[in-house]
Amino acid sequence: MNIRHHLDAPIQLSLRTWCCLPSALLLAACTPATEPVAPVQAVYVTPVHHDMGEAERRLSGTVSARFESELSFRVGGKVTLRSVDVGQTVRQGQILARLDEADLQLGLDVASEQWRASQVESEQASSDAARFRRLLTDGSVGAADLERQQARADAAVARLAQARSQLDLSRRRIGYATLTAPFDGVVTALRFEAGQVIAEAQPLITLARPSALDVVVDVPESLAPQLQSYQASARLAAQAHDGALRPLELRLRELAPTASAATRTFRARYTITAPGVSSASSAGLRLGNTVELLLSRGNAVASARLPLGAVLSVTQSPTVWVVDPNAGTLTQSPVEVLSHTNDAARVRGLAEGALVVSVGAQKLDAAMKVRAVARPLADPIDAAPRPASGAQR
């Protein structure tokens, strides 16, 4: 009896468990699920402070020759000599290339023979006209015969002059078979090789004057109308971060009237106006150097300087994220970008003291909850460290 009692106890416990299981599942299904709490993201912010600072723009430019010529032969033919290479310095009158003169010499021989024939014909026609003039005095020929003979003599003289001009042209064409440097310069491009047959006036050599250089830069379409109001300076790109080197003062010399069809930028040329500097070469600039062009001007209205990463879409409908520190919410606020460099932008349209997200603004949305963290003042404006749990994730 005791043994049976001990065997029935586990069975009764299992039956009770299975009977209570549906009730437990039903109660669990009726209990409302708790919603997960959205994590609060930490974001670096920069307070807005208005001042009358300078508007700055930094552009990349190159050093280019002010005077540059495309050289070509004035006659066509086969190239027999090329005596220069790219980068070579040449003197005025130096031979750069030469064509085969065989065909040109044949043309000169033909023109010479035509001139001799025209000379004989002119002498004979003039002699006949003189003879008819003498015969007219005794009535042996009529006046009409003399007029016809005189017309033949005049035509022969004209043909002689024509043959003489043709002979001179043939002699000059032989001279055109030798291409010489029109001025002292540097060869910057070659577009032919010895043995190549080239056409008349085909550009072959680019020759630049290294003594007169300009700083050439492609200006954005939005900046071109106000370019005259900016003060310009430049320094070599390799020395752009060396504060000990003073940038060279520049003056706008030329601005293209139309934009490039491919890039929609306007090409501008600047000359050096620094005291004691007569040319770009004397300032340490060489042909082809890359320079950093700094454009600056005083602002007419109060504006704030923000890190460039705080502005969304600098060129089209720029906006920033403004943080409400009490509610922890984000508001996308439109701004007007007055100027910008590679690391900062000067904007207006924000309230004084507003907290603007300055790191990771591209990864935020209005539904997020955030916690404002003051951006460390000692950090560079474009390289602040990211918070441990921030919107940059």
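Put in order of Cβ neighbour count within 10 Å, fewest first, the listed residues His340, His50 become His50, His340. Can you classify region 289-338 as rounded, prolate or oblate using the Cα gyration tensor, where a ≥ b ≥ c are the square roots of its eigenvalues, rounded means a/c under 1.5, and otherwise it's prolate if a/b beats b/c and oblate if not? Prolate shape, in that a/c is at least 1.5 and a/b is the bigger ratio.
What translational diffusion coefficient, in µm²/s and rounded to a whole number, does the Stokes-Einstein relation yield for region 102-176 at 25 °C and a viscosity of 0.890 mPa s, taking the hydrodynamic radius as the Kirkwood radius over Cα pairs? Reported coefficient: 179 µm²/s. Across region 42-144, Cα-Cα distances exceeding 16 Å account for 81% of all pairs.
Projecting the Cα atoms of Gly139, Ile95, Gly107 onto the charge dipole of region 89-139, computed from C-beta unit charges around the Cα centre, puts Gly139 farthest toward the positive end.
When each of Tyr230, Tyr270 is scored by the number of other beta-carbon atoms lying within 10 Å, the sequence from fewest to most is Tyr230, Tyr270. Given +1 at the Cβ of Lys and Arg, -1 at the Cβ of Asp and Glu and no other charges, the dipole of region 168-219 around its Cα centre is 280 debye to the nearest 20.
Taking a ≥ b ≥ c as the square roots of the Cα gyration tensor eigenvalues, with a/c under 1.5 meaning rounded and otherwise prolate when a/b beats b/c, else oblate, which class fits region 105-258? Judged from the Cα gyration tensor, region 105-258 comes out prolate (a/c at least 1.5, a/b above b/c).
FRET efficiency for the pair Asp154 and Ile174, taken as 1/(1 + (r/R0)^6) with r the Cβ-Cβ distance and R0 = 41 Å, rounds to 0.85. Fewest-first ordering of Thr180, Thr290 by other beta carbons within 10 Å of each residue's beta carbon gives Thr290, Thr180. With the cut-off at 1.5 for a/c, could you classify region 94-138 from its C-alpha gyration tensor as rounded, prolate or oblate? In terms of gyration-tensor shape, prolate.
Dipole magnitude for region 102-176: computed about the Cα centre from +1 point charges on Lys and Arg Cβ and -1 point charges on Asp and Glu Cβ, it is near 180 debye.
Spacing of the modelled spin labels on Gln316 and Val40, each 7 Å from Cα toward Cβ, amounts to 3.7 nm.
None of the figures in this text is laboratory data; all of them are computed from the coordinates on show. Remember, it's a predicted structure, so these values are computed and weren't measured experimentally. Ideal geometry is used to build each Cβ from the backbone, glycine not excepted, and the neighbour counts take in all protein chains shown.
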